Every structure is written in C-alpha cells, then in structure tokens.
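Here the structure is laid out as structure tokens; the discussion comes afterwards.
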Amino acid sequence: MDERLAFLRAESPSSLPLPCSFTHRAPGASGEAELNYWPSRRGSIQAPHHLMLFILGNPGLLGYYPPFLNHLHSLLPPSYALLATSHIGHSTRIASPKEPLDLPQQLESKIELVKSLTKYLDGWAKENGRSHHALPKISLMGHSVGAWLSCEIMKKLNTDPQPENWPIQRGFLLFPTLGWISNTWNGWTLWPIFHRPVKPLLPLLSPLLRPLLPYISLPPTSLSLVRSPEVIKHVLHLSKSEMQLIRDPDIDWHRSQNIEDKQQGLFGVWAGGNLDGWVGKDGPLVQEALGGLGGGRVKTLEGVPHAFCLTQANSEAVAEAVASWINSIPQDTNVTPGSEPKNEPLGGTVIPM
C-alpha cells in the first residue's frame, strides 16, 4: 500500500479537516502538496464508498476553502469522504520547490494523485472483502483552473467507451475557466502582473508591504500569501502558464459528458449575469454543451462571484448547489443565496483565478 496515502485510514480527528500532504514523484512534477481530508462520517474502519477530490483554483491555498468544504461535507452522504489538494509550491506551510511548476506539470501531479488514490482505495476495499462492482468511486470537483485540471484528468483517464467503467465517475466544475482566459476582463486588466517587468518584481514587494498589513483588510489566507514571496512566485508562474495555454475549449468532449445517466459525466456551476471576470465566451459554450439550464447539469448562482470562497454565505450557496446533485434534491437551476450580507473582502472579484 502507498504510505503517502496512509492518512486515509486515520481515525476522525476531534476537529476537521485533517491536515496532511502528498509527496509527488511524477517525472518533471515532483514536490510536496498540502492536502486537507474529511473522512466519511461512518468512520475509517472500511474504505469510503465514494471519495470526492477537490482541486483548488489559483492561488491554491487551502485556507480559502474550509467554509465551503466543511458545509459540503456536512451535506454529503455519510459514506462520502472529501479530499482537497493544493498545488505544488502553493503552501505557506510546506517548502516550495526552487523552480515553480507550470500548468502541464501541475496537471501531471494531479494525474499521479488520482491514479494513486484509485489504486489505494481499490486495495483497501478488497481487504474489506468487497467485490469488483463494489469498489470505491471517485469524483472530481474543481474551482476555476482546478475545473480545467479536472476536465483534463477525466479526458486522460476516462478512456473506456462504457461510462460505467470510468475510473472517475463525475466531475463538478465550479466557476470554471475553460477557455481564452487571457481574453477575459480580468485577463486583460491584470495582464501586466503576469509579465515582465512587473511579474519578477512582485515577490520582492512582500517584505516592503509587511509593515502595512495590520492596516489593510485582507482575509487571513491572503495575508499569509502576501507574506510569502516564494509562494507568490509560484502563483504568478502558474497564472502566466494558464494565460498562455488555456485557449480553445474542447466543446465536443464537453458535449460527450452530457449523458443520460446523471451518475456519470460533468456538472457545472457558473455565476449569473456578468459577475465572473475570469469567464468569457467559453461559459455559454460549455453550458450549452452540457444541456443548458434545463438539462439538469448546469446551475447559475445569482449574486455569487468567482471568488465565492471568501464569504460564508457564498460558500454555503455553492456547497448546497453541488450537494443537490449528489443527493438528488430537487432544486431550481437559478439559485440565489440567503439575505446574509456578503461583505466581499478586498480582491473578492479577482482571486482565486
């Protein structure tokens, strides 16, 4: 058994999530990534029946997401476990590699993780006496560029012509950036920070800004990022790679994920109206490929921005949208969160990307 995944058998801690990490060994994509784990509520004596792997956006800092993931975990069936993965180099707690990873390298690291999880969970379930047809299922969920990574992983691993044989059962896309990021509103306006001469200078500003931080209203995770020049370097390197490489979306593939069996394929959550500055014309194209608002695979959330994870109200609205698919709860395709004030922090419409 892969000792890198031994945390999956840990007893449920007194508080969730369980902090852990995974050491990647993929060629050209090695390094340690920070993880958070929510075991299934029925305990860790047996392998979970279903594991949902959440891939973060960029910056890939886990501290942005506990309000969303805690609420989602509470809504999932008790046989579901939830695992969130950051990106290599995107942690203020784990040392970053000297050279930052680009988008293809981060993709290879995620493919390694999914393959390792599949092998480990299958072996664990067989120890429990489960048959081949009762082995654990894996679903992916990604925010922003994490949604793009989820799609690419599914393309590479779900190659069997029969969907019931796919190693990844479903994918849930949250405010996905699936095409032409550099041509979006935020892509245009923030272009300078991803290129010379500004890009290499930004990490150097971190020490200069520290005396000002007590007087600036930022989420705690954003404060930790500003204090970490190495992580800033990794974040900007991945951002530039996204701008260069995320171009034409594979609409035919997305259309192939709109299958009759709702236990398989893709589902997506988008911001209503023009609230998402990181999503352009790819949004309507992918929504249409998945059957549109009336097809059961697409939801739009009015008043919820791209960086939904920065407030409790928006985090809960997105968690409930995802859980409604998993639990088959009837729900309108246009969802409006409660009346709780959002009080978006500084940068709430910009990060994560």
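Here's the list of aspartates and glutamates a cross-link from K262 could span, going by alpha-carbon distance under 19 Å and ignoring same-chain residues fewer than 8 apart: D160, E164, D252, E288, E320, D332.
Computed from backbone phi, the HN-Hα couplings of the range 278-292 come to 9, 10, x, 5, 5, x, x, 5, 6, 4, 5, 4, 8, x, x Hz, rounded to whole numbers (Karplus: 6.51 cos²θ - 1.76 cosθ + 1.60, θ = phi - 60°; Gly and Pro given as x). For the range 15-133, give the share of DSSP beta bridges that are antiparallel, in percent and rounded to the nearest 5; count only bridges with both residues there. Counting DSSP beta bridges with both partners in the range 15-133, the antiparallel share is about 70 percent.
Summing +1 for each Lys or Arg and -1 for each Asp or Glu among the other residues whose beta-carbon sits under 12 angstrom from that of A81 gives +4. Got a sec? Which residues in the range 147-184 would a label at R247 touch, if it sits 7 Å along Cα→Cβ and we count backbone N under 16 Å? What the label zone holds, given the 16 Å backbone N cut-off, is 178-184.
Centre-to-centre separation between the Cα atoms of the range 272-309 and those of the range 96-152: 25 Å.
Across the range 106-122, computed HN-Hα scalar couplings (Karplus, 6.51 cos²θ - 1.76 cosθ + 1.60, θ = phi - 60°) run 4, 4, 4, 5, 6, 4, 4, 5, 5, 4, 5, 4, 4, 5, 5, 5, 4 Hz from first to last residue, x flagging Gly and Pro.
Here r is the Cβ-Cβ distance between S256 and K115 and R0 is 22 Å; the resulting FRET efficiency, rounded to 0.05, is 0.50.
For Q263 and E127, a Förster radius of 35 Å and the Cβ-Cβ distance give a FRET efficiency of 0.85, rounded to the nearest 0.05. Highest-first packing order for the peptide set 258-264, 289-295 is 289-295, 258-264, based on the mean count of other beta carbon atoms within 10 Å.
No lab work stands behind these numbers, since they all come straight from the coordinates. Just so it is clear, the structure is predicted and the values come from calculations on it, not from any experiment. Here Cβ is always computed from backbone atoms with ideal geometry, including for glycine, and neighbour counts include all displayed protein chains.
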